[in-house]
Amino acid sequence: MVKETFISKQAIEEMLALSGPDALDLREKASRVRDDCVGRKVYFRGLIEFSNLCANDCFYCGIRKSNRKTERYTMTYDEIMDCARFCQEAGYASVVLQSGERRDPDFIRFVIKVVSGIKAELPEMRITLSVGEQDREVFRRFYEAGIERYLLRIESSSRRHYQRLHPEVMSFERRRKCLEVLRSIGFQVGSGVMIGSPFQTLGDLAGDLLFMKAMDIDMVGMGPYVPHRDNLLKNWNYDAEKTLELSLNMVAALRIMMPDINIAATSALQALDGSGREKALSAGANVIMPNATPLKYRQSYSLYDNRPCVTDSPYGCRSCIMKKIEESGFLPATGEKGDSPRFLKRVENNINVCNC
Ligand code: 5AD
Ligand code: FES
């Protein structure tokens with residue numbers, strides 16, 4: 001029986017500041033909470049990065065619209081369908097369709113066509129969409145087309161910090177509001193932040209975890225900030241080792257605060273440490289997103305430098321990750337949808353706290 005307890009902002013900051021053996025203790029504690037509440041199964045989401053065109057200009061991101069060095073692509077309908085079929089065969093009962101942010105009608109129509117195609121051919125496949133901020137009406141059309149889950153990282157829950165990472169036209173308030181709209185429509189709502197990003201304080205990160213809790217987020221993907229050669233923040237004094245430790249502490253603290261949500265071991269962790277994702281599983285994560293994007297496009301989805309798996313095929317990623325999960329003592333939940341237990345409880349029982 002795992003009960004949610006209130007943890008103060010100061011206590012969270014103290015957890016995040018831990019290092020060495022104390023940090024390992026924290027992660028072990030979080031791992032036990034995960035075992036008790038959601039078990040040791042690892043759920044898969046096949047990641048299909050179907051376009052790197054983006055209308056935004058986040059200062060940290062390699063695919064921001066004003067980075068002219070990025071070669072732009074959008075996969076065809078048939079290519080995306082092939083990826084979805086691969087995911088089905090690979091035992092990923094869920095796909096994440098991710099792209100840069102676009103709001104133009106052609107793009108919205110294309111997304112709906114793709115989703116409808118996947119649902120018609122693979123009706124059991126769970127679809128998560130991650131294409132950024134949209135109007136309520138568009139979110140509703142996505143939901144009606146069969147998308148059950150939506151991932152929209154808040155990136156930073158501190159208005160001050162958010163504004164330092166984004167151009168003025170991007171509004172923290174609008175992004176936060178989108179999360180509320182998604183919840184009200186009925187999606188399983190995912191969010192997350194970058195960890196160790198420029199100008200960020202431990203207080204900001206503790207606030208991020210409290211934000212996830214206050215918004216009652218169902219699934220979280222938080223990854224380390226990793227510099228990109230063409231981004232606008234490259235002079236930031238970056239410490240990869242510290243960022244990795246902080247990221248793992250964030251995963252552990254969140255698991256302790258929200259025992260029954262889905263937490264992803266994000267790919268960016270692997271850019272800092274070849275075993276970064278397995279370390280996140282040992283700190284309380286329970287979801288992995290193997291890359292299912294065709295090899296020829298991977299290099300161009302360059303959010304940050306040293307992206308892992310850019311030379312691996314979807315088949316290569318599958319066998320590599322299965323082996324690593326089993327070696328780390330976890331159970332690959334192939335063929336299982338892995339809905340967020342918190343979401344299921346809210347929907348079925350109309351309650352908001354873990355009572356497992
Ligand atoms: N480092 C780490 N994560 C990044 N993202 C974008 N740029 C970077 C970076 N330099 C993340 C953002 C976005 C997700 C698709 O990729 O959090 O939401
Ligand atoms: Fe594309 Fe931030 S640069 S969403």
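The values are calculated or read from the model by the stated rules, or taken from the named source; none is laboratory data. Owing to the predicted nature of the structure, the values given are computational and were not obtained by experimental measurement. Here the Cβ positions follow ideal geometry from the backbone for every residue, glycine too, while neighbour counts run over all protein chains shown.
When the stretch 213-247 is examined, which residues are found to be in a loop (DSSP other than H, G, I, E, B), surrounded by fewer than 21 Cβ atoms within 10 Å (Cβ to Cβ) and of a type in the set (D, E, K, R)?
Result: Asp216, Arg229, Asp230, Lys234, Asp239.
Of the residues that sit in the stretch 147-181 and are surrounded by fewer than 15 Cβ atoms within 10 Å (Cβ to Cβ) and touching an Asp or Glu at 6+ places or on another chain (Cβ under 7 Å), which one is farthest from Thr201 (Cα to Cα)?
Residue satisfying both the conditions and the ranking: Arg174.
Considering (1) within 16 Å of ligand 1 (Cβ to nearest atom); (2) surrounded by fewer than 21 Cβ atoms within 10 Å (Cβ to Cβ); (3) free of Cβ contacts under 8 Å to residues at least 60 places away in the same chain, say which one Gly132 fails and leave the rest.
Among (1) within 16 Å of ligand 1 (Cβ to nearest atom); (2) surrounded by fewer than 21 Cβ atoms within 10 Å (Cβ to Cβ); (3) free of Cβ contacts under 8 Å to residues at least 60 places away in the same chain, the lone unmet condition for Gly132 is (3).
For the stretch 191-212, what are the residues that are in a loop (DSSP other than H, G, I, E, B) and either of a type in the set (A, V, I, L, M) or more than 16 Å from ligand 2 (Cβ to nearest atom) (or both)?
Answer for the stretch 191-212, where residues must be in a loop (DSSP other than H, G, I, E, B) and either of a type in the set (A, V, I, L, M) or more than 16 Å from ligand 2 (Cβ to nearest atom) (or both): Gly196, Phe199, Gln200, Thr201.
How many residues does the stretch 219-260 contain that are in contact with an Asp or Glu (Cβ under 6 Å, 6 or more places away or on another chain) and more than 16 Å from ligand 2 (Cβ to nearest atom)?
Of the residues in that region, 1 qualify.
When you look at Ser197, is it within 16 Å of ligand 1 (Cβ to nearest atom) and among the polar types (S, T, N, Q), yes or no?
Yes.
Report whether or not Glu133 is within 16 Å of ligand 2 (Cβ to nearest atom), closer than 25 Å to Met222 by Cα, touching a His at 6+ places or on another chain (Cβ under 8 Å) and not polar (S, T, N, Q).
no
Of all residues in the stretch 275-298, count the ones that are assigned to a helix (DSSP H, G or I) and over 17 Å from the mean Cα position of the chain (by Cα).
Adding up the residues that qualify gives 5.
Can you pull out every residue in the stretch 38-49 that is more than 14 Å from ligand 2 (Cβ to nearest atom) and either within 26 Å of Tyr315 (Cα to Cα) or surrounded by 22 or more Cβ atoms within 10 Å (Cβ to Cβ) (or both)?
Val38, Arg40, Lys41, Val42, Tyr43, Phe44, Arg45, Gly46, Leu47, Ile48
So, in the stretch 207-233, how many residues would count as being hydrophobic (A, V, I, L, M, F, W, C), within 12 Å of ligand 1 (Cβ to nearest atom) and more than 19 Å from Tyr43 (Cβ to Cβ)?
Residues flagged as hydrophobic (A, V, I, L, M, F, W, C), within 12 Å of ligand 1 (Cβ to nearest atom) and more than 19 Å from Tyr43 (Cβ to Cβ) within the stretch 207-233 amount to 3.
Is there a residue being closer than 21 Å to Ile80 by Cα and in a loop (DSSP other than H, G, I, E, B) anywhere in the stretch 337-350?
yes
Just name the residue that is nearest to Cys83 (Cα to Cα) out of those in the stretch 302-333 that are assigned to a loop (DSSP other than H, G, I, E, B) and at pLDDT 95 or above.
Top of the filtered list is Ala333.
Mind checking which residues of the stretch 53-82 are within 15 Å of ligand 2 (Cβ to nearest atom), without any contact (Cβ under 8 Å) to a residue 40 or more places away in the chain and surrounded by fewer than 16 Cβ atoms within 10 Å (Cβ to Cβ)?
If the condition is that a residue be within 15 Å of ligand 2 (Cβ to nearest atom), without any contact (Cβ under 8 Å) to a residue 40 or more places away in the chain and surrounded by fewer than 16 Cβ atoms within 10 Å (Cβ to Cβ), then Ser66, Arg68 are the ones that fit.
Which residue out of Ala280, Ala268 is of a type in the set (A, V, I, L, M, F, W, C), in contact with a strand residue (DSSP E or B) (Cβ under 8 Å, 6 or more places away or on another chain), closer than 25 Å to Phe86 by Cα and buried (at least 23 other Cβ atoms within 10 Å of the Cβ)?
Step by step, each of Ala280, Ala268 is checked, and only Ala268 is of a type in the set (A, V, I, L, M, F, W, C), in contact with a strand residue (DSSP E or B) (Cβ under 8 Å, 6 or more places away or on another chain), closer than 25 Å to Phe86 by Cα and buried (at least 23 other Cβ atoms within 10 Å of the Cβ).
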